[in-house]
There are 2 protein chains.
Amino acid sequence: MNILSLDTACGDISAAVIKDGRVYVSEPAENTSGKTRSTTIVPVLEQLLKKAGLEWHQLHALALGAGPGSFTGLRIAAATLAGINSGLKLPIYHLSSLAITARQADVDGPVWVLEDARAGEAFTGCYQRQQQLHADSCMTWADVETLPPAHFCCHGEPPVALEHWTRLPFSLDRSAALAMETELVSAGLNADEVDLPIYPTPVYLQLSQAERNAHA
Amino acid sequence: MNILSLDTACGDISAAVIKDGRVYVSEPAENTSGKTRSTTIVPVLEQLLKKAGLEWHQLHALALGAGPGSFTGLRIAAATLAGINSGLKLPIYHLSSLAITARQADVDGPVWVLEDARAGEAFTGCYQRQQQLHADSCMTWADVETLPPAHFCCHGEPPVALEHWTRLPFSLDRSAALAMETELVSAGLNADEVDLPIYPTPVYLQLSQAERNAHA
């Protein structure tokens with residue numbers, strides 16, 4: 001089973017290939033600002049496939065870090081995979097971007113993922129190894145502060161103090177964490193047995209600015 | 001020569017296929033908000049190819065409405081075409097989004113395209129049929145107001161009065177205008193003779209918000 005995974009929910013391009021159980025991860029991409037990321041993803045993936053000794057048509061499935069996360073990041077990853085899959089028609093695993101982040105912390109106990117979603121809100125999820133303890137959701141930082149303090153991890157800086165919470169460092173590169181999450185999800189969900197979508201669908205969990213304006 | 005063209009610079013999905021000189025245009029896509037557009041493009045293109053009786057591998061070139069225009073629109077179109085072209089490796093024509101807009105006005109005389117770029121700025125270009133009279137650029141609306149009044153066209157509403165200017169209505173659907181611009185550009189630039197890029201590159205002409213923040 002050969003799977004290619006892509007995640008840009010945190011801004012940078014993370015990618016991994018699993019080839020018959022062996023893991024290959026992308027080199028950190030340089031100069032991938034928002035402006036250029038839309039067109040640097042495919043070269044990064046091609047370099048990674050080359051490293052794994054694979055051609056596009058030898059893949060059996062794709063995996064997407066589907067969100068929640070940066071709106072633009074999610075859209076660009078989804079659009080790129082949609083384009084790639086126009087020819088391949090492979091099943092697509094949808095991974096939680098927060099689950100990938102939790103894997104970066106690489107701890108045995110439960111860990112909250114608390115990513116700033118701006119507009120006073122946070123993307124939150126709670127994981128312990130294979131288990132999802134709290135469903136991914138979008139809540140206000142004020143509501144986060146009412147949760148019992150625990151271990152957490154995140155990219156960037158939380159906009160509130162989070163007293164008595166303990167921030168865990170990342171011990172795994174995001175591409176490696178993406179590979180782990182892909183292995184785990186694909187092991188539990190055999191693409192031959194379940195009907196996976198061939199079109200990627202980002203998970204936003206938050207109103208876009210345009211939707212906020214329409215509701216205002 | 002079979003060419004597939006895509007433009008989302010104005011928000012909506014516009015697409016056209018030219019098959020041996022015959023033109024096929026996409027149906028107006030429904031429910032293509034910013035949130036869903038990233039994954040509705042490929043189904044729209046597949047429907048269009050089906051209408052033209054073509055498979056992906058029967059295309060000889062792609063064309064992209066490359067900008068300037070909506071940052072997200074440009075990125076998503078570029079990311080989708082980059083993904084599609086990961087397998088096809090076709091030459092990509094880069095079309096001016098403003099030239100496509102000028103074609104929508106469908107007039108003989110010169111016409112300015114003045115699209116609001118927000119932040120007090122406008123994307124401007126001036127066209128007369130096949131001719132580009134002024135290069136596409138990004139200028140302040142205050143500078144636009146110092147230009148000699150002329151005919152203009154645009155999507156949306158200009159944020160300034162533009163006294164003595166005459167706004168021309170659109171008489172062509174954007175997909176039809178996209179097809180015309182593709183035919184014109186590909187007729188002048190034979191993909192077999194010139195080295196066209198296989199990776200799409202959006203033309204922004206404006207600093208992104210992140211770049212503005214970095215400069216501030």
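The values are calculated or read from the model by the stated rules, or taken from the named source; none is laboratory data. Nothing here was measured: the structure is a model prediction, and the numbers come from that model. When we count neighbours, we look across all protein chains shown, and the Cβ atoms used for this are built from the backbone with ideal geometry, even at glycine. These accessible areas exclude ligands, DNA and RNA; they are computed on the full protein's heavy atoms, side chains included. Shrake-Rupley method; radii C 1.70, N 1.55, O 1.52, S 1.80 Å.
Quick one: count up the residues across region A:139-195 that are of a type in the set (V, I, T), open to solvent by less than 60 Å² (accessible area, probe 1.4 Å) and not assigned by TED's automatic domain parsing to the domain that holds A:C10.
Count: 3.
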Residues of region A:156-170 satisfying the condition of being under 18 Å from the mean Cα position of the chain (by Cα) and modelled with pLDDT of 95 or more: A:P169, A:F170
Hits in region B:55-68 - residues which are more than 11 Å from every other protein chain (Cβ to nearest Cβ) and open to solvent by 20 Å² or more (accessible area, probe 1.4 Å): B:Q58, B:H60
Pair list, Cβ < 7 Å and 6+ apart or interchain, from region A:1-26 residues that are over 16 Å from A:I92 (Cα atoms) to residues that are of a type in the set (D, E, K, R) and assigned to a strand (DSSP E or B): A:S14/A:D7
Any pair with Cβ under 6 angstrom, 6 or more apart, that starts in region B:143-163 at a residue that is more than 12 Å from B:F123 (Cβ to Cβ) and in contact (Cβ under 8 Å) with a residue 40 or more places away in the chain and ends at one that is small (G, A, S) and not in a loop (DSSP other than H, G, I, E, B): B:C153/B:A105
Residue list for region B:110-138, restricted to those being open to solvent by less than 80 Å² (accessible area, probe 1.4 Å), polar (S, T, N, Q) and either touching a residue at least 60 places away in the same chain (Cβ under 8 Å) or over 26 Å from B:F71 (Cβ atoms) (or both): B:Q128, B:S137
Of all residues in region B:1-54 being part of a loop (DSSP other than H, G, I, E, B), among the small types (G, A, S) and modelled with pLDDT under 95, the one that is surrounded by the fewest Cβ atoms within 10 Å (Cβ to Cβ): B:G21
Pair list, Cβ under 8 Å, 6 or more apart: region B:181-194 residue closer than 19 Å to B:T101 by Cα, other residue assigned to a helix (DSSP H, G or I): B:E181/B:A99; B:E181/B:I100; B:E181/B:R103
Pick from region A:69-109, criterion open to solvent by 20 Å² or more (accessible area, probe 1.4 Å) and within 15 Å of the chain's Cα centre (by Cα), ranking: nearest to the other protein chains (Cβ to nearest Cβ): A:R75
